[in-house]
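K.L.:
Let me begin by handing over the structure; questions about it come next.
The values are calculated or read from the model by the stated rules, or taken from the named source; none is laboratory data. All figures in this text were calculated on a predicted structure; none of them were measured in a lab. Because the Cβ atoms are built from the backbone with ideal geometry, glycine has one as well, and the counts that use them run over all protein chains shown. The protein model used for the area step is the full one, side chains on, heavy atoms only, and it has no ligands, DNA or RNA in it. Shrake-Rupley method; radii C 1.70, N 1.55, O 1.52, S 1.80 Å.
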Amino acid sequence: MKVLILGVNGFIGHHLTKRILETTDWSIYGMDLSDDRLGDSIKNPRFHFIEGDISINREWIEYHIKKCDVVLPLVAIATPKMYVEDPIAVYELDFEMNLNVIKQCIKYRKRVVFPSTSEVYGACPDTEFDEDESFLCVGPIRKERWIYSCCKQLLDRVIYAYGTRGYLEFTLFRPFNWIGARLDSLETAKEGSSRVVTQFIADLLLKRPISLVDGGHQRRCFTYVDDGIDALMRILENKDNCCRNEIINIGNPRNECSIKELAEMMKKIFMEHPLHREDESYSEIVEVPSEKYYGSGYQDIYARKPSIEKARRLLGWEPKFDLEESLRRTIYAFLDEYK
Ligand code: UGA
């Protein structure tokens, strides 16, 4: 199988690439702005990398959509700080650029495996979010945080409409707070604009206060990347067409915690690390209003838990890594690279 991955150096892209090269005989054609996360994958003869930008290198993309069997358009801005700071960039990249790719997949009748997001459920009141039943609930326009959720939702709907009318074969997957090595770069975390787990690791390393936005009562279910990639591999394998035109949550409902509990657990793991056991001081945990941390365009999601019944049924998949182990592996990987 020939797999095209746009955004191959991103968090999901580079983990998926490594797994495909290690466990299959598939070839990968990948594009990204840089290759710093790709490690040894770059040397593999079945991996064909080109440094490029999806908004510029359109001919290369069209040629490779034609040539490949399955397309994963993984390019997106995915950090809440950016949704409120630069919503236009989010719209242009996450929506417009990806729509172009989807249209090419329709033109050449290629299967697309598209990253939807847990964010599409927004402030849904259900205790567990169901792919085919739950309402997708977002806030007012002035709360610009929701632009990402809306861009992804509209693409989900466009893909679904073309797919169910027979113009495209698709699977939409919805990651729920995947974490692991190289989630975001520590550089973006230094500026305070990365996702929460990378942010807390950078705060711990720099001995800066860990900020609990609005007290940290919000709840998330953190999913270890190896579990997420297991599910994604089963989607790509698509045994007996089990994922044809399906939407699938990929998350770990057993790993639910509040952001406050997350901060405490991460601090404990950091303090036990051999390199930091003897540190003279550690970050304190403080509370910060969301208005101050993100600005007035922010609104939070207080609870987010996936139903994974469908992933179990269609993929025979079950996440294995509990919360503490997932965080320990993630923190240790970051500290190893930082060293
Ligand atoms: C994330 C991002 O939108 C996407 O990466 C993705 O599509 C999706 O959710 C996902 O990974 O499932 P969110 O979980 O809100 O959204 O993003 P984080 O930045 O990781 O924040 C999680 C929570 O921690 C939020 O409630 C935020 O307010 C809080 N937070 C963040 C803090 O309390 N302190 C910080 O320093 C940073």
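K.L.:
Most mobile of THR188, THR23, THR79 per a Gaussian network model of the chain (Cα springs, under 10 Å)?
P.N.:
THR23
K.L.:
I've got another one for you. Full extension from TYR338 to ALA161: what is 0.36 nm times the residue separation minus their Cα-Cα distance, to one decimal in nm?
P.N.:
Gain on stretching TYR338 to ALA161: 59.2 nm.
K.L.:
Note down the nm distance, to one decimal, between modelled labels 7 Å out along Cα→Cβ at ARG58 and at LEU154.
P.N.:
1.8
K.L.:
What GluC sites (Glu not before Pro) does region 279-339 have in DSSP loop regions with at most 11 other beta carbons within 10 Å?
P.N.:
Of the GluC sites (Glu not before Pro), the ones in loops of region 279-339 whose Cβ has at most 11 other Cβ atoms within 10 Å are GLU280, GLU284.
K.L.:
If packing is taken as the mean number of other Cβ atoms within 10 Å per residue, what is the order of 8-15, 298-305, highest first?
P.N.:
Ranking the peptides 8-15, 298-305 by packing returns 8-15, 298-305.
K.L.:
ASP230 accessible area, nearest 10 Å², 1.4 Å probe?
P.N.:
Its accessible surface works out to 40 Å², give or take rounding.
K.L.:
So if each residue of separation counts as 0.36 nm, and I subtract the Cα-Cα distance between GLU96 and ASP132, what length gain in nm does that give?
P.N.:
10.4 nm
K.L.:
For the chain, with every protein chain kept in place, what is the accessible area per residue (1.4 Å probe, Å²)?
P.N.:
Per-residue accessible area for the chain comes out at 44 Å².
K.L.:
Another question, then. For the full complex of protein chains and a 1.4 angstrom probe, list LYS143, LYS152 by accessible area with the highest value first.
P.N.:
Descending accessible area places them as LYS143, LYS152.
K.L.:
Can you give the local net charge around ASN9? Use residues other than it whose beta-carbon is closer than 11 angstrom to its beta-carbon, Lys and Arg +1, Asp and Glu -1.
P.N.:
-2
K.L.:
Give me Rg/Rg_expected for the chain, where Rg uses Cα atoms only and Rg_expected = 2.2 N^0.38 Å with N residues.
P.N.:
0.97
K.L.:
Hey, can you rank 106-115, 69-78, 50-59, 159-168 by average C-beta count inside 10 Å, highest first?
P.N.:
My ranking of the peptides, most packed first, is 69-78, 106-115, 159-168, 50-59.
K.L.:
Let me ask something else. So what are the ³J(HN,Hα) numbers for region 302-308, from phi and the Karplus equation (6.51, -1.76, 1.60; θ = phi - 60°), rounded to whole Hz, Gly and Pro as x?
P.N.:
7, 8, 8, 9, x, 8, 10
K.L.:
Moving on to the next point. Would you mind checking which residues have amide H under 5 Å from VAL112's amide H? H placed 1.01 Å from N; only 5 or more apart, or other chain.
P.N.:
Counting only residues 5 or more places away or on other chains, the set is VAL71, GLU169, PHE170, THR171.
K.L.:
Take the Cα coordinates of region 217-270, assign each an equal point scatterer, and use the Debye formula without solvent to give log10 I(q)/I(0) at q = 0.32 Å⁻¹.
P.N.:
For the requested q values the scattering log ratios are -1.19.
K.L.:
Further, regarding this structure: Would you kindly state how much longer the chain becomes between ARG142 and ASP322 on full extension, computed as 0.36 nm times their sequence separation minus their alpha carbon distance, in nm to one decimal?
P.N.:
61.1 nm
K.L.:
How big is the charge dipole of region 76-338 about its Cα centre, in debye rounded to the nearest 20, if each Lys and Arg gets +1 on its Cβ and each Asp and Glu gets -1 on its Cβ?
P.N.:
880
K.L.:
Relative contact order for the chain: what is it in percent, counting Cα pairs under 8 Å that are at least 6 residues apart?
P.N.:
18
K.L.:
Would you check the accessible area of GLU169, probe 1.4 Å, heavy atoms only, in square angstrom rounded to 10?
P.N.:
Using a 1.4 Å probe on the heavy atoms, I get roughly 50 Å².
K.L.:
Moving on to the next point. PRE reach from ALA89 (point 7 Å along Cα→Cβ): which of region 194-219 fall under 15 Å by backbone N?
P.N.:
194-195
K.L.:
Quickly work out the LYS2-to-SER185 label distance, labels modelled 7 Å from Cα along the C-beta direction, and quote it in nm with one decimal.
P.N.:
3.1
K.L.:
Counting only protein chains, not ligands or nucleic acids, how are CYS137, CYS105 ordered by accessible area (probe 1.4 Å), most first?
P.N.:
Solvent-accessible surface, decreasing: CYS137, CYS105.
K.L.:
While we're looking at this one, here's another question. Out of the total accessible area of the chain (probe 1.4 Å, heavy atoms of protein only), what percent is carbon and sulfur?
P.N.:
49
K.L.:
If HIS276, HIS48 are ordered by their accessible area, calculated over protein heavy atoms with a 1.4 Å probe, which sequence runs from highest to lowest?
P.N.:
From most exposed to least exposed: HIS48, HIS276.
K.L.:
Please find the FRET efficiency linking GLU264 to ASP69, where r is the Cβ-Cβ separation and R0 is fixed at 35 Å, and quote it to the nearest 0.05.
P.N.:
Approximately 0.15, to the nearest 0.05.
K.L.:
Helix 323-338: angle to the longest alpha-carbon principal axis of the chain, degrees 0 to 90, nearest 10?
P.N.:
For helix 323-338, the angle is close to 90 degrees.
K.L.:
Which one, ILE201, ASN249, CYS221, projects farthest toward the positive side of the charge dipole computed for region 194-266 from Cβ point charges (K/R +1, D/E -1)?
P.N.:
Farthest along the dipole direction, towards plus: ILE201.
K.L.:
Using alpha carbons only, how many degrees (0 to 90, rounded to 10) separate the axis of helix 98-107 from the longest principal axis of the chain?
P.N.:
20
K.L.:
Quick one: compute a quarter of the convex hull surface over the Cα atoms of region 135-222 and quote it in nm².
P.N.:
With every direction weighted equally, the projected area is 8.2 nm².
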